[in-house]
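Trainee: Below: one structure in structure tokens.
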Amino acid sequence: MTTAWHFYEPAQGHGLAHDPLNAIVAPRPIGWIGSVSASGVRNLAPYSFFNLLAYRPPLLGFSSQGWKDSVDNIAATGVFTWNLATRDLAEAMNASAAVAAPEVDEFALAGLEVAGGRMVDAPRVAAAPVSFECRLTQLIRLETKEGEPIDQWLVIGEAVGIHIDAAMIEDGVYQTTRARPILRGGGPSDYFEPGAPFHMRRPG
């Protein structure tokens with residue numbers, strides 16, 4: 001049977017009802033980023049262009065479309081937190097995505113209790129079962145293939161402190177699905193929760 005392909009060049013448009021790109025690269029972990037401005041205003045925002053980038057040292061990064069409050073805060077203070085978004089916290093995470101003025105505290109907006117950091121002066125989501133305290137390592141403006149800068153900013157941080165709810169650990173092993181992490185899909189309202197893990201050891 002011959003496969004029928006829908007091919008498109010992104011620069012010319014996708015020709016579909018909805019851009020398929022972030023529905024294809026999905027589901028994606030959520031970068032729920034806590035930061036604080038130089039004047040002390042707390043900020044909390046979810047980013048779907050996020051992932052762990054390296055083991056040692058533990059580096060993670062998120063990409064912001066536009067110079068948003070999170071980026072501005074991190075550029076000014078050099079620190080931030082990542083907080084695990086879970087099914088129990090999904091509505092609060094969604095509330096923190098609201099477009100708000102820089103003087104608005106999204107922790108308060110989402111009705112979330114704040115916890116402080118031990119290693120960095122940045123706010124954490126107290127109810128999150130996992131939080132990373134991070135120090136900025138790189139802030140990179142992304143470019144096109146022609147080398148033209150775009151309004152997209154990659155923030156990379158090193159996790160210098162990691163908080164894990166002990167209930168998520170069994171026999172010394174972190175139980176990924178126990179926390180019920182949620183993942184971002186492709187549509188305007190698509191989220192996923194891991195449901196059917198399987199085990200397969202890598203060779204070598």
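Trainee: Given the conditions (1) buried (at least 22 other Cβ atoms within 10 Å of the Cβ); (2) within 14 Å of the chain's Cα centre (by Cα); (3) not polar (S, T, N, Q), and given that E106 satisfies all but one, which numbered condition is not satisfied?
Mentor: Of the numbered conditions (1) buried (at least 22 other Cβ atoms within 10 Å of the Cβ); (2) within 14 Å of the chain's Cα centre (by Cα); (3) not polar (S, T, N, Q), the odd one out for E106 is (2).
Trainee: Tell me, which residue of the range 144-192 that is of a type in the set (F, W, Y) and surrounded by 15 or more Cβ atoms within 10 Å (Cβ to Cβ) is farthest from T86 (Cα to Cα)?
Mentor: Step one: of the range 144-192, the residues of a type in the set (F, W, Y) are 153, 174, 191-192.
Those left that are additionally surrounded by 15 or more Cβ atoms within 10 Å (Cβ to Cβ): 153, 191.
Numbers: W153: 25, Y191: 11 Å.
If we take residues in the range 144-192 being of a type in the set (F, W, Y) and surrounded by 15 or more Cβ atoms within 10 Å (Cβ to Cβ), then W153 is farthest from T86 (Cα to Cα).
Residue-wise test of (1) acidic (D, E); (2) over 19 Å from N83 (Cα atoms).
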residue: T2; (1), (2): no, yes
residue: E9; (1), (2): yes, yes
residue: H18; (1), (2): no, yes
residue: P29; (1), (2): no, no
residue: A38; (1), (2): no, yes
residue: V41; (1), (2): no, no
residue: S48; (1), (2): no, no
residue: L53; (1), (2): no, no
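Trainee: Looking at the range 156-187, which of its residues are in a loop (DSSP other than H, G, I, E, B) and in contact (Cβ under 8 Å) with a residue 24 or more places away in the chain?
Mentor: Scanning the range 156-187 gives D165, R180, I182, G185, G186, G187.
Trainee: Kindly indicate whether any position in the range 38-48 is surrounded by 18 or more Cβ atoms within 10 Å (Cβ to Cβ) and at pLDDT below 95.
Mentor: For the range 38-48, residues surrounded by 18 or more Cβ atoms within 10 Å (Cβ to Cβ) and at pLDDT below 95: present.
Trainee: Quick one: G13 ticks every box in (1) among the small types (G, A, S); (2) touching a residue at least 40 places away in the same chain (Cβ under 8 Å); (3) at positive phi bar one, so which box is it?
Mentor: Looking at each condition in turn, G13 falls short on (2).
Trainee: Out of everything in the range 114-151 that is among the charged types (D, E, K, R) and assigned to a loop (DSSP other than H, G, I, E, B), what residue ends up being farthest from the chain's Cα centre (by Cα)?
Mentor: Of everything passing the filter in the range 114-151, E146 is farthest from the chain's Cα centre (by Cα).
The values are calculated or read from the model by the stated rules, or taken from the named source; none is laboratory data. These figures come from a predicted structure and were not determined experimentally. For neighbour counting, all protein chains shown are included, and Cβ atoms are generated from backbone atoms with ideal geometry for every residue, glycine included.
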